[in-house]
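Beneath this line is the structure, given in structure tokens, with notes to follow.
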Amino acid sequence: MRIQDLDIACIGFGPANLALAVQLHKYLDNKQNHQYKVRFLEQKNEFSWHPNMLLEGSDVQIHYLKDLVTLVDPCSYFSFVNYLKRSGRLLQFMNLKTSFPCRIEYNDYLCWAASHFTDWVEYNSKVTGIHFVEKKGKADQIYIEYTDNKEQKGIYARNVVIAAGQEPYVPQVFQSCVSNRIIHTSNFLSWLEKLPKTDFSQKVVIIGSGQSAAEVFNTLIDKYPQAKVINLMRRFGYAPADESCFNNEVFNPEFVDYFYNLPENKRSIILNNFQLTNYSAVDVDLIQTIYRKLYELKVQHQESKFYIQPHTKVVNFNIVDDGCLLEVEEIFTEVRSKIFCNYIILATGYCSTSVIQKLLKPMDAYLLKDNKDRIKVKRDYSIETTSNMRAGIYALGYAEETHGLTETLISLLPVRSAQVLESIFRRMSAANLEYYEELV
């Protein structure tokens, strides 16, 4: 087992910790700060960002200036604009007259930025345990166990930043069944690549009403006109994403401060009021595109091939020969019916709580919880612990209830990263002072 001593250990190397790496690069570029030791642990074998939803024609839903760094350092080498310049496409991108890059290009930008940090990242590294290291009643370090190509390894760190992403959310009715006929959108392109290029005429049911559901539905209409595809949703139809100027200010840094300082019941009201800025909402242009395609099918008397079934929930499900049998219920009339299909695609989003709970379970006795047994996350994204725990542990992407809708989005990554690093270096300075005072 190899042991390392680090100042900062980061779990996960997706966009959140990539933005942190960009901020660290600037800080450590100063010769006075070269002594700090940093490491990122990533369980995948390379950097990737939703690789199974890089669909042709799909755009990101954030302005290109809300990249990894521009909001805090517009002149940074790692800005999206500099990426375009170095890729030889800056003028062409300007000619597009759009503020929203295609998803394939944005993924390429993130991969380009990540390629500069290969010396900092250990890929194929799955964290298996996190523990406070307690000596004389105090803990100044955290021990992280992980496997790297089946070899057990470990590191000690004074600060740990957890940004390990989210897990696909599978509705309870499907959780008891493991089948290759049930596909979450996180595996959509991999599934699509296994299908025949033509003559796919089987029946597919999509469950969900958000951006991913709409993109999958639109893709299947284009690629497989002989198929039969139904999009089941609880809503009447796709709800347009609220991208209005005033409502978009909920993604401003100062709104996070305002939101954090509100009572819990008031924060819940705000989260509910602004759901359509982020959740189960679809770009207006995509809604119009799908509606037109469905209208043209109706003109051709083929509307039974691709359609949306609103106000519907799945109440039961079974695997049968050659497919799946769904029992569904109309939400308002409560009338039940059965639908046979060959495949089910779950466009049901992601869940972050299970990820952080698993990682932090060994340290549960040292973590402070709220009245709903959730970890408490301070404004600087540090997790509240018992007073004898002096090592810093930070959580990125797991505190929407206290930090607002930006918590799981790319919008404020550079601002959040700067705040986390400021807190870490302030904590280390205070810890060093306390250490020398104890010696005296």
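The values are calculated or read from the model by the stated rules, or taken from the named source; none is laboratory data. Model, not experiment: these values are computed from the prediction. Methodologically, a virtual Cβ is constructed for each residue, glycine included, from the backbone with ideal geometry; neighbour enumeration extends over all protein chains shown.
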Task: Residue in the stretch 358-406 that is nearest to Tyr156 (Cα to Cα), counting only those that are hydrophobic (A, V, I, L, M, F, W, C) and in a strand (DSSP E or B) - done: Ile393
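Quickly run through the stretch 98-124 and pick out the residues that are among the polar types (S, T, N, Q) and either surrounded by 16 or more Cβ atoms within 10 Å (Cβ to Cβ) or outside any helix (DSSP H, G or I) (or both).
Taking the stretch 98-124 as the starting set, the residues that turn out to be among the polar types (S, T, N, Q) are 98-99, 107, 115, 118, 124.
Within the stretch 98-124, Thr98, Ser99, Asn107, Thr118, Asn124 qualify.
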Open item on the list: Taking the conditions exactly as written (in contact with a Leu (Cβ under 9 Å, 6 or more places away or on another chain), closer than 30 Å to Glu243 by Cβ, crowded, with 19+ Cβ neighbours inside 10 Å and in the same structural domain as Glu422 (by TED's automatic domain parsing)), does Phe47 satisfy them or not?
Closed with: yes
Open item on the list: Quick check on the stretch 304-320. Is at least one of its residues in contact with a Gly (Cβ under 7 Å, 6 or more places away or on another chain) and farther than 30 Å from Val420 by Cα?
Closed with: yes
TODO: Give Ser280, Ser244 a once-over and let me know the one that is free of Cβ contacts under 8 Å to residues at least 24 places away in the same chain and of a type in the set (Ser, Thr, Tyr).
DONE: Ser244
- [ ] Output the residue which, of all residues in the stretch 351-365 that are out of contact with any His (no Cβ under 9 Å at 6 or more places or on another chain) and surrounded by fewer than 18 Cβ atoms within 10 Å (Cβ to Cβ), is farthest from Leu396 (Cα to Cα).
- [x] Ala365
Open item on the list: Please go through the stretch 284-337 and give me each residue that is charged (D, E, K, R) and in contact with a helix residue (DSSP H, G or I) (Cβ under 7 Å, 6 or more places away or on another chain), ordered by number.
Closed with: Lys293, Glu303, Lys305
TODO: Working only within the stretch 357-399, note down all residues that are touching a Leu at 6+ places or on another chain (Cβ under 8 Å) and on the phi > 0 side of the Ramachandran plot.
DONE: Tyr381
Open item on the list: I need a count of the residues in the stretch 147-168 that are among the hydroxyl-bearing types (Ser, Thr, Tyr) and loosely packed, with under 15 Cβ neighbours inside 10 Å.
Closed with: 1
- [ ] State all residues of the stretch 338-348 that are surrounded by fewer than 18 Cβ atoms within 10 Å (Cβ to Cβ) and either touching a helix residue (DSSP H, G or I) at 6+ places or on another chain (Cβ under 9 Å) or part of a loop (DSSP other than H, G, I, E, B) (or both); if no residue qualifies, say none.
- [x] Asn342
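The rows are residues; the columns are (1) surrounded by fewer than 16 Cβ atoms within 10 Å (Cβ to Cβ); (2) modelled with pLDDT under 90; (3) within 23 Å of the chain's Cα centre (by Cα); (4) of a type in the set (Ser, Thr, Tyr).
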{"residue": "Ser382", "(1), (2), (3), (4)": "no, no, yes, yes"}
{"residue": "Met389", "(1), (2), (3), (4)": "no, yes, no, no"}
{"residue": "Arg416", "(1), (2), (3), (4)": "no, no, yes, no"}
{"residue": "Tyr435", "(1), (2), (3), (4)": "yes, yes, no, yes"}
{"residue": "Glu438", "(1), (2), (3), (4)": "yes, yes, no, no"}
- [ ] Test Gln61 against the criterion of being surrounded by fewer than 17 Cβ atoms within 10 Å (Cβ to Cβ) and modelled with pLDDT under 95, and give yes or no.
- [x] no
Open item on the list: I'd like the full set of residues that are of a type in the set (A, V, I, L, M) and closer than 30 Å to Thr386 by Cα, limited to the stretch 98-141.
Closed with: Val127, Ile130, Val133, Ala139
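Taking the options Tyr398, Tyr394, name whichever one is modelled with pLDDT under 95, buried (at least 16 other Cβ atoms within 10 Å of the Cβ) and touching a strand residue (DSSP E or B) at 6+ places or on another chain (Cβ under 9 Å). Give the steps one after another, and end with the answer.
On the way: Tyr394 fails: modelled with pLDDT under 95.
None of the others qualify; the one that does is Tyr398.
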Task: All helices (runs of 4 or more DSSP H) inside the stretch 219-309 with 2 or more residues being more than 24 Å from Pro414 (Cα to Cα) and among the charged types (D, E, K, R) - done: 264-273, 284-299
Open item on the list: Here is a list: Leu359, Leu396. Which entry is among the aliphatic types (A, V, I, L, M), assigned by TED's automatic domain parsing to the domain that holds Arg426 and more than 22 Å from Val133 (Cβ to Cβ)?
Closed with: Leu396
TODO: Identify the residue in the stretch 148-184 that is in a strand (DSSP E or B), touching a Ser or Thr at 6+ places or on another chain (Cβ under 6 Å) and at pLDDT 90 or above and, among all such residues, is nearest to Lys44 (Cα to Cα).
DONE: Glu167
Task: Glu407 without any contact (Cβ under 8 Å) to a residue 12 or more places away in the chain, under 23 Å from Asn273 (Cα atoms) and either in contact with a helix residue (DSSP H, G or I) (Cβ under 8 Å, 6 or more places away or on another chain) or among the basic types (Lys, Arg) (or both) - done: yes
